[in-house]
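Here's the structure we're looking at; comments come further down.
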Amino acid sequence: MKRSHLIAIAVIAIAIGVLISASQDMTTYANFAQAAEKGDRVKMVGQLVKDRPVEYDPVKDPNYLSFYLRDDAGEVRQVILRAGKPQDFERSEQIVLTGQMRGDVFEASDMLLKCPSKYKDEEVYVRSEKQ
Amino acid sequence: MQYIGEHLLPGQIGHLLTVLSFVAALLAAVSYFLAVRRRASSEEAGWLLLGRGAFVVHGLATLGVIGSLFLILVNKYYEYQYAWANVSDDLPFQYTFSAFWKEQQGSFLLWSFWHIVLGLILLLRAGRWEAPVLAVLSLVEVFIGSMILGLYIGEYRLGASAFDLLRHTMDAPIFERADYLSQITGNGLNPLLQNYWMTIHPPTLFLGFASTLVPFAYAVAGLWMDEHRGWLKPALPWALFSAAILGLGILMGGAWAYVALSFGGYWAWDPVENTSLVPWITLVAGIHAHLIARNTGYSIRSAYAFYLMTFVLVLYSTYLTRSGILGDSSAHAFTEMGLGAQLIAFIGVFAVLSIVLMAMRSKSIPAPQQEESIASREFWMFIGVLVLLFSAVLITGATSLPVWNKLVQLFKPDYVGAALKDPVAHHNRYQLWIGVFVGLLTGVAQWLRYQERNAALWRRTFGKHMLIALAGATALTALNALWLDVFAWQHFALLFAAMFAVVANADYLISFARKNLKQAGSALSHVGFGVLLLGILSTGLNKRWISSNSFAMEGLIEGMGSDELNKNVLLLKDAPMPIRDYEATYLKDTIERQTRTFAVRFRKRDAQGNFTGEEFVLHPNVMYDRQFSQVVASNPSTKHYLTYDIFTHVSSLPKAELDPEFARQQEDSIRFEAYEAAIGDTIFTKKHYLVLDDYTKAPQHPDYRPEKGDLAFGLKMRAFALGDTVGHAAAPMLYLRPKQGAFTLPAQIGPLQMRVRLTEASLARLLDADESLQYRSLRLKEGETADFEGYRIQLVRLNRNVEHPHYAPESGDIAVAAELRITAPNGTTAEAAPVFLIRDNRSLNLKDEVAKWGLHFRFENIDPSTATMTILAAKASDQVRRIPLEIAENAPRSDYIVLEAIVFPGINLVWLGSLLMLFGLGLSAWNRWTQRRRLEA
């Protein structure tokens, strides 16, 4: 057998091995019910529930943020993130979390905010300087 | 309706030129295509000439489009959506460039601009490769041109024009007014983009993207003309140049993220970063295959494949960032513009073209019959190329999960989709091994020779230098382990590979390459790669949050023990806070335009907690939007040392500082209680006592900007906690501004959660005081003394240099101050200087007072004949002397910041390593280019 064939086989073998091992790093998108069922780390997409309290008091602890999230099934649960509160948190229209359920609370390890595109939702700003 | 004040001409010209540019590109592509098809026939010259002409017209038209758009932005023509959305009257001129390429259209134009520049160089220099290369380049320009056409074909809109009018893109009642333009102003540029990185990073990155087209076009030309060796030589400097510039563009992105954004790092494995890194990796793989092909004739097929792949990956990256598909997995992408289908067509055409060409020519691409020797450089270089391919495939695969999810959802709508649990950990885990293999291979392959036929003879030299490299790498690994917290064997492997690359290549550089500049490029690049790996290791493993104070935070939160979670620390104003290795103090904040800058002092402490004497002040800032209603950006501030950086940014602020609505509610919820006090009095509240020391007409307050005509009053007080002797200064004030009204500025005493303010009642008392006074006149000559209510009042002298808080000199004034010295019954003295003033033949006087005793003085008259002055004196009753004020004792603190501070050791190794790598590539490109020129000459 030619060496190039050996290399090709080795490459394919390694590729399959890597793919199998890399698939361990994958997770699926889930809602609260599915996350509770799985018990494992999942990705979750939802919206901030604006009429429930957002708890962040840096005087007490600058690394503790708690809020309520509505998942795509409509269920509302408390979410805890041990990090500072991002500046534009309240403006977010969608939140993507990674984390897992602990009891009734979803403990997130990271959070990505989708804020309304600055130029789509904004209205024409009326100049007030001209009097 | 006839709108007033619109400038429609630049838009019409711009639009016309966009169409012209598109048509000219199409004509250039067709002409060049036919020039290739009719080559060696009599028609060739004609088609070539037409192609050139069309390409030049395309270039000029595109420059015209850029000029029109720039004109619109510079002149702030808000009738255009592009200007309205991206600039504003107060935007400094230098950010016009940032605004220009912030949106899709502008960045397409930038990309196109570089293609034209490169195309013109090729037009002049590419010789017999001109026609096929420019045919490909022009075809790409056709696709890019179509993205900004904005033409409707039936219902379908082809491209998004940069010249759309605001009133066409938006439905708002304001456009029913003919003078709507005088009512609107631009949105301005996102403050995050208002920095010089946004001016230099996109042009560099787009030059990098654009330059990948040149090796691609050469590769297509080689396949098309069936000349598989001829293109290798002219394409090589272009490929090297492209790798250097694209690398520089990516590096600038990392540097921007690090120094100006609050990412807390230079690389985040963000999809946008990944999709620009992957083409760079495949380009570098292509260069190595190319070098093998040039030197040995092997790997021509691979060189083709990698260059074709690189450009298609650039297009794929364009698709990912511009189609909106990354949506929830990337923090930064362009605004979606409905170009998805066009972008897919763009990728599709060039991907299919590449595959078809490769398939058609698969038989005719030459390759040596004999296999390469296992002791040859080309063999190990090719293994390295495969490792790079692995890297590219892994990154692309993981980054493409959102695309894959969308694809599956087309067929299975209920598919929930997969995502990476932790992208950063995932990429680091796999790319680490790429680093290990590439590091080792660069060292080994550098010391092997192309087409080795005499392995036995070379074995000794090779063995000797490998021993040097092994020994050097072992020693350096051990040395580095002294300062690096290496704890996993994988990290040792990477560290060793990095050091191996550094030593072996440095050795090569010293032994050979210094004589031969051509080789210096590659050895330098490889040394740089090793240094970069070391930098990645040191910043990655030893990145340390110093903004934590586990003692002060302990027990506040259940289950919170791990230091890693304590990344933020709360700093109260003026209260030194011990954090790891330092003491941090939030000193002050200042506001300029929309930026609020904080000064935070760091004082280094040694292991015993003593100060080492080293201290510095950092200035992180936050930017508010134009209405000051929210914080839109938090910008870091970094202290640079040679061996490490200290990176800080404000991660949070009191809610009252972020949200004016909340601040109002909070203000309303504070319970103020009314008190009255005269100067010298002490006020006892429930938990505190305050001493009213003085009263001033020239008060100072952080929020007060004096203006001419203001009438201002302020108190000087000290506040104490009951049983405490440490006083906190408090200076509430109020001022009357003509035509605007009265404003009160409270004093916040943060540590006591106290707030003191003056009210309208205070103002009334201060203003009305005079009316209730019973003045008595004293007639005094200079030096004389009179008695008044037990006080001795002496007229010390008259002074014509008048200084009085309410006196602003005018020409023609005659002003004299009477300097009085007042001695109280107990022997203490005070001074006052009322002023007598004649202005416009009217006599006026400006009073002065000794607030602590309630004494008021006016200088009413001068009798020149007797040199006697008339001074009016009055003593206010206790009732009048008492100033009403309000005190709250439940005021929430808002004088703090939440700070994140990170130490990045070895960050300079990252920059040094990357720059060496890119410098090496650039050097090689330069050498190959000039060498070619010399050969041609």
* Out of region B:749-778, which residues are surrounded by fewer than 18 Cβ atoms within 10 Å (Cβ to Cβ) and among the charged types (D, E, K, R)? -> B:Glu760, B:Asp768, B:Asp770, B:Glu771, B:Arg776
* Pairs under 7 Å by beta carbon, first residue farther than 18 Å from B:Arg893 by Cβ in region B:733-758, partner of a type in the set (Val, Ile, Thr) and open to solvent by less than 60 Å² (accessible area, probe 1.4 Å), six or more apart or different chains? -> B:Thr744/B:Thr759
* Structure fact -> Residues in region A:1-33 that are among the polar types (S, T, N, Q) and within 8 Å of another protein chain (Cβ to nearest Cβ) total 3
* To do: Among residues belonging to region B:637-662 that are within 14 Å of chain A (Cβ to nearest Cβ) and more than 18 Å from B:Leu570 (Cβ to Cβ), point out the one that is nearest to the chain's Cα centre (by Cα).
  => B:Asp659
* From (1) part of a helix (DSSP H, G or I); (2) out of contact with any Ser or Thr (no Cβ under 8 Å at 6 or more places or on another chain); (3) surrounded by fewer than 22 Cβ atoms within 10 Å (Cβ to Cβ); (4) at pLDDT below 95, pick out the condition that doesn't hold for B:Ile121. => (4)
* **Test: residue in region B:799-815 that is β-branched (Val, Ile, Thr), open to solvent by less than 10 Å² (accessible area, probe 1.4 Å), in contact with a strand residue (DSSP E or B) (Cβ under 8 Å, 6 or more places away or on another chain) and not assigned by TED's automatic domain parsing to the domain that holds B:Ala599** => no
* In region B:165-203, the residues that are assigned to a helix (DSSP H, G or I), open to solvent by 20 Å² or more (accessible area, probe 1.4 Å), within 9 Å of another protein chain (Cβ to nearest Cβ) and touching a residue at least 12 places away in the same chain (Cβ under 8 Å) -> B:Ser182
* To do: For region B:869-878, indicate whether the set of residues that are in a helix (DSSP H, G or I) and not assigned by TED's automatic domain parsing to the domain that holds B:Asp693 is non-empty.
  => yes
* Look at region A:45-60 and say how many of its residues are closer than 13 Å to A:Met111 by Cβ and either aromatic (Phe, Trp, Tyr) or free of Cβ contacts under 8 Å to residues at least 12 places away in the same chain (or both). => 1
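Residues checked against (1) under 20 Å from B:Val835 (Cβ atoms); (2) open to solvent by 50 Å² or more (accessible area, probe 1.4 Å); (3) modelled with pLDDT under 85:
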| position | (1), (2), (3) |
| --- | --- |
| B:Ser865 | no, yes, yes |
| B:Gln879 | no, yes, yes |
| B:Ile883 | no, no, yes |
| B:Arg893 | no, no, yes |
| B:Phe904 | no, no, no |
| B:Ser924 | no, no, no |
| B:Trp929 | no, yes, no |
| B:Arg932 | no, no, yes |
* To do: Select, from B:Gly51, B:Gly46, the only residue that is in contact (Cβ under 8 Å) with a residue 40 or more places away in the chain and small (Gly, Ala, Ser).
  => B:Gly51
* Asked: How many residues, within region B:723-744, are out of contact with any strand residue (DSSP E or B) (no Cβ under 6 Å at 6 or more places or on another chain) and either open to solvent by less than 40 Å² (accessible area, probe 1.4 Å) or more than 25 Å from B:Glu849 (Cβ to Cβ) (or both)?
  -> 8
* Residue list for region B:41-90, filter: within 14 Å of chain A (Cβ to nearest Cβ) and outside any helix (DSSP H, G or I) -> B:Lys76, B:Tyr78, B:Glu79, B:Tyr80, B:Val87, B:Ser88, B:Asp89, B:Asp90
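Is it the case that some residue within region B:609-620 is of a type in the set (Gly, Ala, Ser), part of a strand (DSSP E or B), free of Cβ contacts under 8 Å to residues at least 60 places away in the same chain and not assigned by TED's automatic domain parsing to the domain that holds B:Ala731?
Step one: filter region B:609-620 for residues of a type in the set (Gly, Ala, Ser), giving B:609, B:613.
Filter once more, keeping what is part of a strand (DSSP E or B): B:613.
Next, from what is left, pick out any that are free of Cβ contacts under 8 Å to residues at least 60 places away in the same chain: B:613.
Right, trim to not assigned by TED's automatic domain parsing to the domain that holds B:Ala731 and you get B:613.
Yes - at least one qualifying residue is present in region B:609-620.
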* **Subset of region B:333-391 that is assigned to a loop (DSSP other than H, G, I, E, B) and among the β-branched types (Val, Ile, Thr) - its residue that is surrounded by the fewest Cβ atoms within 10 Å (Cβ to Cβ)** => B:Ile374
* Taking region A:45-81 only, how many residues are within 14 Å of chain B (Cβ to nearest Cβ), surrounded by 16 or more Cβ atoms within 10 Å (Cβ to Cβ), at pLDDT 80 or above and touching a helix residue (DSSP H, G or I) at 6+ places or on another chain (Cβ under 7 Å)? -> 2
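Residues checked against (1) at negative phi; (2) at pLDDT 95 or above:
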{"residue": "B:Ala219", "(1), (2)": "yes, yes"}
{"residue": "B:Ala243", "(1), (2)": "yes, yes"}
{"residue": "B:Trp256", "(1), (2)": "yes, no"}
{"residue": "B:Gly297", "(1), (2)": "no, no"}
{"residue": "B:Phe311", "(1), (2)": "yes, yes"}
{"residue": "B:Tyr319", "(1), (2)": "yes, no"}
{"residue": "B:Ile325", "(1), (2)": "yes, no"}
* Asked: Is there any pair linking a residue in region B:71-87 that is without any contact (Cβ under 8 Å) to a residue 60 or more places away in the chain to one that is of a type in the set (Ser, Thr, Tyr) and surrounded by fewer than 22 Cβ atoms within 10 Å (Cβ to Cβ), with Cβ under 9 Å and at least six apart or on different chains, and which?
  -> B:Leu73/B:Thr96; B:Val74/B:Thr96
* Report yes if B:Leu73 is over 19 Å from the mean Cα position of the chain (by Cα) and open to solvent by 10 Å² or more (accessible area, probe 1.4 Å), otherwise no. => no
* Structure fact -> The condition of being touching a helix residue (DSSP H, G or I) at 6+ places or on another chain (Cβ under 8 Å), within 21 Å of A:Gln24 (Cα to Cα), within 9 Å of another protein chain (Cβ to nearest Cβ) and not in a helix (DSSP H, G or I) holds, among B:Ala425, B:Ala419, only for B:Ala419
* Can you tell me which residues in region B:538-576 are open to solvent by less than 30 Å² (accessible area, probe 1.4 Å), more than 25 Å from the chain's Cα centre (by Cα) and at pLDDT 85 or above? -> none
* To do: Mind telling me which of the residues B:Lys852, B:Lys847 ends up being open to solvent by less than 50 Å² (accessible area, probe 1.4 Å), among the charged types (D, E, K, R) and in the same structural domain as B:Pro825 (by TED's automatic domain parsing)?
  => B:Lys847
* Asked: Wholly within region B:819-862, which strands (runs of 3 or more DSSP E) include no fewer than the required count, namely at least 1 residues that are more than 23 Å from B:Leu715 (Cα to Cα)?
  -> B:835-839, B:842-846
* Structure fact -> Residues in region B:401-425 that are buried (at least 19 other Cβ atoms within 10 Å of the Cβ) and touching a residue at least 24 places away in the same chain (Cβ under 8 Å) total 3
* Among the residues of region B:91-111, is there at least one that is in a helix (DSSP H, G or I), without any contact (Cβ under 8 Å) to a residue 24 or more places away in the chain, among the aromatic types (Phe, Trp, Tyr) and over 30 Å from B:Arg932 (Cα atoms)? -> yes
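The values are calculated or read from the model by the stated rules, or taken from the named source; none is laboratory data. Note that the structure is predicted; figures quoted are calculated from it, not measured. No Cβ is skipped: glycine too gets one built from the backbone with ideal geometry, and neighbour counts run over all protein chains shown. Ligands, DNA and RNA are stripped out before the accessible areas are found, and what is left, the full protein with its side chains, is counted by its heavy atoms. Shrake-Rupley method; radii C 1.70, N 1.55, O 1.52, S 1.80 Å.
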